[in-house]
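Before any comments, here is the structure.
The values are calculated or read from the model by the stated rules, or taken from the named source; none is laboratory data. Predicted model only: the values in this text are computed from it and were never measured. Here the Cβ is made from the backbone with ideal geometry for all residues, glycine too, and neighbour counts use every protein chain on show.
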Amino acid sequence: MQQHHSVKILVTGANGQLGTELHAVLEATMPGISTYTTKETLDVTDREATKRFIADGEYTHIINCAAYTSVDRAEVEPALCLKVNSEGVGNLASVAYENGIKIIHISTDYVFDGSSCRPYQEADKVNPTSTYGTSKRKGEMVLLSLCPDAIILRTSWLYSPHGRNFVKTMLRASVEHKNVNIICDQVGTPTSAKDLAAAISTIIQAKQWVPGIYHFSDEGVCSWYDFAKAIFRLAGVKSCTVTPISTDDYNTENTTAAIRPPYSVLDKQRIKKTYGLTIPHWEESLSECIETLRHSRY
Ligand SMILES: NC(=O)c1ccc[n+]([C@@H]2O[C@H](COP(=O)([O-])OP(=O)(O)OC[C@H]3O[C@@H](n4cnc5c(N)ncnc54)[C@H](OP(=O)(O)O)[C@@H]3O)[C@@H](O)[C@H]2O)c1
């Protein structure tokens, strides 16, 4: 384990789903050594401000949780999406390079087109089908070109008790509607932001820093339809049904929807072997999130 006193971490986008969970896990495992910034306190698209903020801070690590994550909205405002997910990453990367800071950056399963019929490995061919996916791939490339020592974690279908996500959308829908139509022909893996945050904490505390791209999601596989059914079952929802629909039917009603990969299961062997991780099944982590949400409004 590294000496904690020699580690100083900057977390960007700390108000988001992952940033919030990371705050909790870092303060529990390595208290008092991290700085948490939001869009208001550190806008990563502001090159000069980012440079000033980081150059003065004597950070050893940056964990970049800042991102533009509205996949459908990105299709109508591509410039902002690209600015945050590519230019913003470039700004962090150049300051990190100049100051010898290690970066952990988060990317997405949406860099793939979904034509695979086995879980995606890190070296598999990328081919994003959406503006969001393209912007995230550009972010990966700009980061690796400036900081070959960086670690990139590609994750999928992130949710948490905080922020906007499918779990909370379904729970809200369950009180507002008698039925929801959910896509059954897109398959992937839901990932609890808490599990990803724990993996990041493990990487920072590990003896070895092994750069490169890693895939991380929870264990198991499901469709959005299965995910919705599990949410309702675990939350005890009885008053709302879930109807499986095809992507084609969904897109006929939602003409501005981004094109998503039909299959985006990630192969996690590399991260599990390198960092000795045991990852929970998605239903176990979902159950924990729903338990937390039971005591709050969604
Ligand atoms: N959500 C998913 O399903 C999913 C799936 C795969 C990969 N990922 C990746 O996982 C990472 C974490 O996602 P998440 O779900 O935690 O995202 P999130 O909840 O949307 O959080 C992103 C945070 O970044 C902030 N932000 C936006 N623009 C910024 C800027 N210019 N400077 C600084 N901060 C800025 C956002 O602030 P505002 O909310 O005020 O804009 C928000 O607090 C992202 O890299 C995302 O691409 C997410």
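Here is how the numbers come out for the structure above:
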{"read-out": "Yes/no for Glu87 being at pLDDT 95 or above, away from the ligand (no atom under 12 Å from the Cβ) and surrounded by 14 or more Cβ atoms within 10 Å (Cβ to Cβ)", "value": "no"}
{"read-out": "Flag if Ala199 is under 14 Å from the mean Cα position of the chain (by Cα), among the small types (Gly, Ala, Ser), buried (at least 24 other Cβ atoms within 10 Å of the Cβ) and within 30 Å of Ser6 (Cβ to Cβ)", "value": "no"}
{"read-out": "Qualifying positions in the stretch 107-147 - more than 18 Å from Cys81 (Cβ to Cβ) and part of a helix (DSSP H, G or I)", "value": "Leu144, Ser145, Leu146"}
{"read-out": "Residue list for the stretch 62-83, restricted to those being in contact (Cβ under 8 Å) with a residue 40 or more places away in the chain and aliphatic (A, V, I, L, M)", "value": "Ile62, Ile63, Ala66, Ala67, Val71, Ala74, Val76, Leu82"}
{"read-out": "Qualifying residue in the stretch 236-257 (condition: under 20 Å from the mean Cα position of the chain (by Cα) and at pLDDT below 95)", "value": "yes"}
{"read-out": "All positions within the stretch 58-79 that are in a loop (DSSP other than H, G, I, E, B) and buried (at least 21 other Cβ atoms within 10 Å of the Cβ)", "value": "Tyr59, Cys65, Ala66, Ala67, Tyr68, Thr69"}
{"read-out": "Scan of the stretch 78-94 for residues that are closer than 14 Å to Leu144 by Cβ and among the aliphatic types (A, V, I, L, M), ordered by number", "value": "Val89, Leu92, Ala93"}
{"read-out": "Only listed residue being in contact with a strand residue (DSSP E or B) (Cβ under 8 Å, 6 or more places away or on another chain) and either at pLDDT below 95 or within 26 Å of Pro78 (Cα to Cα) (or both), chosen from Gly212, Gly188", "value": "Gly188"}
{"read-out": "Test result for Met170, out of contact with any Pro (no Cβ under 6 Å at 6 or more places or on another chain) and surrounded by fewer than 21 Cβ atoms within 10 Å (Cβ to Cβ)", "value": "no"}
{"read-out": "Hits in the stretch 3-57 - residues which are in a loop (DSSP other than H, G, I, E, B), surrounded by fewer than 14 Cβ atoms within 10 Å (Cβ to Cβ) and small (Gly, Ala, Ser)", "value": "Gly32"}
{"read-out": "Single unsatisfied condition, Arg154 versus (1) more than 21 Å from Ala257 (Cα to Cα); (2) away from the ligand (no atom under 12 Å from the Cβ); (3) not in a loop (DSSP other than H, G, I, E, B)", "value": "(2)"}
{"read-out": "Every residue from the stretch 54-96 that is closer than 16 Å to Leu42 by Cβ, among the aliphatic types (A, V, I, L, M) and within 18 Å of the chain's Cα centre (by Cα)", "value": "Ile62, Ile63, Ala66, Ala67, Val84, Val89, Leu92"}
{"read-out": "Residue that is nearest to the ligand (Cβ to nearest atom), among those in the stretch 10-57 that are over 20 Å from Val142 (Cβ atoms) and at pLDDT below 95", "value": "Gly57"}
{"read-out": "Test for Ile213: is it among the aliphatic types (A, V, I, L, M), farther than 22 Å from Asn254 by Cα, surrounded by 23 or more Cβ atoms within 10 Å (Cβ to Cβ) and touching a residue at least 60 places away in the same chain (Cβ under 8 Å)", "value": "no"}
{"read-out": "Residues (under 22 Å from Val210 (Cα atoms) and of a type outside the set (Val, Ile, Thr)) located in the stretch 91-118", "value": "Leu92, Ala93, Ser94, Ala96, Tyr97, Glu98, Asn99, Gly100, Lys102, His105, Ser107, Asp109"}
{"read-out": "Strands (runs of 3 or more DSSP E) enclosed by the stretch 158-261 - at least 3 residues per element that are more than 14 Å from the ligand (Cβ to nearest atom)", "value": "179-183, 241-245"}
{"read-out": "Single condition Glu284 does not satisfy, out of (1) under 18 Å from the mean Cα position of the chain (by Cα); (2) within 24 Å of Cys184 (Cβ to Cβ); (3) not in a loop (DSSP other than H, G, I, E, B)", "value": "(1)"}
{"read-out": "Failed item, numbered, when Ile279 is tested on (1) part of a loop (DSSP other than H, G, I, E, B); (2) in contact with a helix residue (DSSP H, G or I) (Cβ under 9 Å, 6 or more places away or on another chain); (3) without any contact (Cβ under 8 Å) to a residue 60 or more places away in the chain", "value": "(3)"}
